Structures are given as C-alpha cells and as structure tokens.
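One structure is given below, encoded as structure tokens.
Computed from the coordinates by the stated procedures, all read-outs in this text should not be read as laboratory data. Note that the structure is predicted; figures quoted are calculated from it, not measured. All Cβ positions, even for glycine, are placed from backbone atoms using ideal geometry, and neighbour counts span all protein chains on display.
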Amino acid sequence: MSTEHFRADERAQSVMNKTAGSVSRYDRARRTLAGGVSSGLRRAARPYPLYFDHGVGSRICDVDGNHYLDYALAWGPLILGHAHPAVVEAMERQVRRGLTFGAQHELEYEVAEALASVIPCADAVCFANSGTEIVQVALRLARAATQRPKYLKFEGHYHGWDDTVLVSYRPTLDQIHLASGRPVPVGLGQLPPESMLVVEWNDFDGVEAAFRAHGDEIASVMCEPMLCNSGCLAPAEGFLELLREITLRHGALLIFDEVITGFRLDLKGAQGYYGVTPDLATYAKAVGAGAPLSVLAGKSEYMNLVADGRVVHAGTLNGNPISLAAAKAALEELTRDAGAVYPELHRRGERLRDGIVEILRSRSYPVVSAGAGPVFHISFMERPARTYREWLEADQKLYSDFALALLDEGVLVLPDGRWYLSTAHTDEDIEATLAAAERAAG
Ligand SMILES: Cc1ncc(COP(=O)(O)O)c(C=O)c1O
C-alpha cells in the first residue's frame with residue numbers, strides 16, 4: 001500500500017510540527033543511549049519515539065504539552081490507567097519506609113495470599129521483576145519436575161527476550177519455509193535453539209505429532225493462552241483442552257504465559273476466561289499495575305521444588321516492597337466486589353473495537369478485529385486469522401498509517417495493531433476516541 005492512505009505523509013508532518021521537543025530529546029539521547037530507546041521495540045514508533053512528561057488516568061501528555069488518549073498503556077501494565085491514586089499512595093508510603101530490604105517483609109505474604117486466592121492454578125507463588133525472568137523460572141521448574149530437556153512453543157508467541165524463548169516470534173513466511181520445522185532465532189548472538197520445538201498455533205495435528213516424535217523429551221508446553229502478541233488470536237475451540245490433556249497424558253507440564261492476559265482478560269486471567277487450568281502460570285504487566293513485578297504461580301507439587309531450593313530462584317530485587325505495595329493496592333482495586341470492574345472493561349472495549357471496525361469498513365477497508373474488550377487487535381485483512389501464518393497476511397504498513405493518523409488526532413496506540421484498555425477509560429473517552437477515529441479515517 002502507498003502512503004496515500006489516511007493522508008500519512010501529511011499526518012507525519014503535522015505530528016512533527018507539534019513535537020519538536022521530542023525530536024531534540026531523541027537526538028540527544030541517541031548520542032549516549034544505544035538507539036535512543038530502552039527497549040528495542042520502541043523504535044518502531046512513527047514518526048519517531050515521543051518523549052512523555054506525565055500520565056493521568058486514561059491520558060498521557062508529551063513534553064510539548066500534547067495530550068493523548070492512551071491505548072498503548074506502557075505495553076499493557078497500566079490496567080488501572082496512569083498514576084492510579086491508590087497505587088501511587090501505596091508506593092509513596094512504602095518509599096518512605098525503605099526502598100528495598102533484600103529480606104522478608106509482610107507485603108510478600110500479603111500479596112502471595114491475594115494472588116493464591118484468585119489464580120486457579122496457584123497453591124503458591126514466587127516473585128521476580130520481569131516477564132522474561134519469570135518465564136525462565138517456569139521452564140526450569142518444568143525441566144526439574146520431569147527430568148526432561150525440551151519444551152514446546154508456538155509460532156508468533158512471545159515469552160521475553162532470553163535465548164531460550166526468543167525464537168519463531170515474528171518469522172516471515174520465507175524464514176519459516178527456509179527453517180523447515182526448526183525454530184527461527186530472532187536476532188544475532190543467540191545460542192542455537194536446541195531445547196525447543198515449535199508448532200503452529202491452533203494446529204491440533206502438529207501438537208500430536210510433536211508428542212508422538214518427542215513425547216519422552218518434552219518437559220512442558222508453553223503458550224500465550226490468547227495469542228496477544230500476534231493478532232490476539234484466540235485458541236480454537238478445544239485447543240487449550242488438547243494441550244491440557246496431552247501434557248497430562250505424557251507427563252509434561254502445561255504453562256500458561258499470562259504476562260498479558262493475567263488480571264486483564266478476567267480476574268482469574270485466561271485460566272478463568274477459558275476454564276482450563278495449567279500447572280504453572282507466569283504473570284507480569286498488569287499484576288504490578290506499572291511497577292516492575294512478575295509472578296510464577298503453580299501447584300504445590302511443583303512449587304515445592306522452589307520452596308526447598310532444589311530449583312534455584314534468586315534475585316537481589318525479588319519481592320521488593322515498592323513493587324509489592326503497588327501490587328497490593330492494585331489487587332485491592334481489581335478484586336473489589338469479586339472483580340466487578342471486568343464486565344465494564346469488556347463492555348467498553350467491545351464498544352471501542354466494534355466502533356473502529358465499523359468506521360474503517362464504512363471507508364471500504366478490509367478490516368478484522370480479534371481478542372476481547374480489555375486487549376484486542378485491529379488488522380487490515382479480509383478474513384479473521386486462525387494461525388500466525390494466516391495473520392501474516394495483515395497489511396502492517398496500512399495499520400501503521402492509521403496509527404499515525406490517530407496520533408495526530410490525539411490517540412496513542414501501539415504500532416502493531418494491539419489496543420489495551422484500562423479501568424480509567426470512561427464511556428466518554430471511548431466516544432471521543434471513536435470521533436477521533438472518524439477524523440483519522442478521513
Ligand atoms: C506474553 C509475554 N510473555 C513475556 C513477556 C516478557 O515480559 P518482560 O517484557 O516484562 O520481560 C512479554 C512482554 O511483552 C509478554 O507479552
């Protein structure tokens with residue numbers, strides 16, 4: 001597609017005219033901060049990464065004073081929106097009592113109890129600081145519990161940036177065919193992907209075949225139970241049930257990576273939403289509501305290996321009181337009245353998602369949406385995708401042009417089609433966003 005769609009060139013110029021403060025800061029940063037950003041994916045922002053000054057509720061403000069309705073939400077953590085008063089107050093209170101102890105304190109078991117009371121697979125939990133780290137604990141635990149070396153993952157799924165998981169995340173069709181069944185590493189310097197098997201998402205036969213060939217080597221199957229990182233592709237009917245059944249049959253563990261879906265799709269995460277309980281589940285993002293926190297939740301028979309130290313789980317800042325103060329306050333908000341915020345989150349998100357699709361279709365764009373209200377995906381393509389390979393047909397450039405036009409209209413979204421909603425977004429915000437989308441669509 002050319003840049004004529006959504007008047008992309010004009011939109012880029014208009015954004016550049018009002019974001020001079022971001023340009024000068026980005027130029028300065030690039031002199032000493034590698035690439036000018038702190039996480040590689042942020043470089044994809046158009047026309048360039050913006051610099052932000054503050055955020056309140058559903059809105060974020062850049063250094064030039066432009067306000068945006070925010071649906072990027074820091075790539076997902078801000079389930080309660082920016083600077084939620086209860087979270088800020090809890091963190092402030094804790095900061096005055098000490099930044100970190102490297103030792104035990106009451107918030108640890110208070111948050112652990114709160115988590116165990118809502119997460120279906122959680123007899124016990126342990127803490128770390130990022131999703132990438134906690135996924136490694138889960139995989140190690142599964143290897144220890146089964147005495148097997150391999151794990152099975154799915155194409156398009158993201159489980160952090162460690163060598164052991166950063167494979168076949170966003171491969172092109174050419175790369176997939178060239179690799180003929182082998183995992184595709186994402187960047188340079190990664191160790192050879194020896195310990196993993198990769199299967200297509202929603203490929204029932206592929207999973208069966210992998211277990212037929214390697215059943216006695218597979219320690220675990222890990223997935224994003226809704227494929228939020230690539231198109232928000234739902235599991236096909238019966239697919240999570242197959243994963244549950246086949247792992248039980250072969251003595252392997254089922255791991256749900258709930259870093260995105262946890263405390264977002266449902267109070268009980270994807271486990272509650274889909275009614276399938278894994279052996280282990282990983283959480284980050286929403287569980288800390290913006291503070292660095294990740295969690296491994298699991299059944300006692302496995303978590304006992306962490307409890308007695310046979311599986312090493314360590315970290316200087318693990319369980320730090322500032323993050324746990326944030327999590328405690330956030331969990332109180334999210335669990336109030338048995339998770340009454342979730343139906344509202346779904347209702348508002350669905351109104352937004354359906355409204356955007358309607359606006360784009362009224363301009364004759366082929367567009368589909370996938371996911372649920374709290375996290376959904378808009379893709380420019382003719383038919384809904386079921387697998388990552390089908391989703392590759394989506395026109396990413398066209399979406400990126402639309403995202404640029406939205407930015408010019410005061411709506412911040414991620415560049416890849418994913419939208420996050422927070423409890424701070426009101427019905428008025430949704431209507432204002434749809435009005436902005438009307439103008440952006442032209
Ligand atoms: C499903 C999933 N797992 C793991 C991670 C890694 O988390 P982190 O960026 O906190 O290391 C991410 C990050 O986006 C994710 O989406």
* Projected-area average for the stretch 1-77 over all orientations - Cα convex hull basis, square nanometres -> 6.1 nm²
* Under unit Cβ charges (Lys, Arg +1; Asp, Glu -1), what dipole magnitude, rounded to 20 debye, does the stretch 85-338 have relative to its Cα centre? -> 440 debye
* Fewest to most neighbouring Cβ within 10 Å: what's the order for VAL167, VAL88? -> VAL88, VAL167
* To do: Give the longest segment of the chain that steers clear of GluC sites (Glu not before Pro) in DSSP loops with at most 11 neighbouring Cβ atoms within 10 Å, not counting the sites themselves.
  => 5-193
* Picking from CYS223, CYS126, CYS61, which is most flexible by a Gaussian network model of the chain using Cα springs under 10 Å? -> CYS61
* Counting other Cβ atoms within 10 Å, which trypsin sites (Lys or Arg not before Pro) in the stretch 210-317 have at most 12 and lie in a DSSP loop? -> ARG310
* Structure fact -> Going from the fewest other Cβ atoms within 10 Å to the most, one would list MET16, MET196 as MET16, MET196
* Asked: Which of the helices in the chain meet the span-like rule: DSSP H, Cα axial reach of 15 Å or more, Kyte-Doolittle mean at least 1.0?
  -> none
* Asked: What number of lysine-lysine pairs in the chain show an alpha-carbon separation below 18 angstrom, given a sequence spacing of 8 or more or placement on distinct chains?
  -> 4
* Ranking HIS84, HIS377 by Cβ neighbours within 10 Å, fewest first, what do you get? -> HIS84, HIS377
* To do: Please express the shape of the stretch 81-143 as an equivalent ellipsoid: the semi-axes are the square roots of 5 times the eigenvalues of the C-alpha gyration tensor, given largest first in whole angstrom.
  => 25, 15, 14
* Treat every Asp and Glu Cβ in the stretch 1-97 as -1 and every Lys and Arg Cβ as +1, leave all other atoms uncharged, and give the resulting dipole magnitude about the Cα centre to the nearest 20 debye. => 380 debye
* How large is the charge dipole for the chain, taken about the Cα centre, if only the Cβ atoms of Lys, Arg (+1) and Asp, Glu (-1) carry charge, to the nearest 20 debye? -> 880 debye
* Beyond 27 Å, what share of the Cα-Cα pairs of the chain remains, rounded to the nearest whole percent? -> 54 percent
* Quick one, what does Rg over Rh come out to for the stretch 85-338 if you take C-alpha atoms and the Kirkwood Rh? -> 0.98
* What's the FRET efficiency of GLU393 with ASP9 using the Cβ-Cβ distance as r and R₀ = 25 Å, to the nearest 0.05? -> 0.50
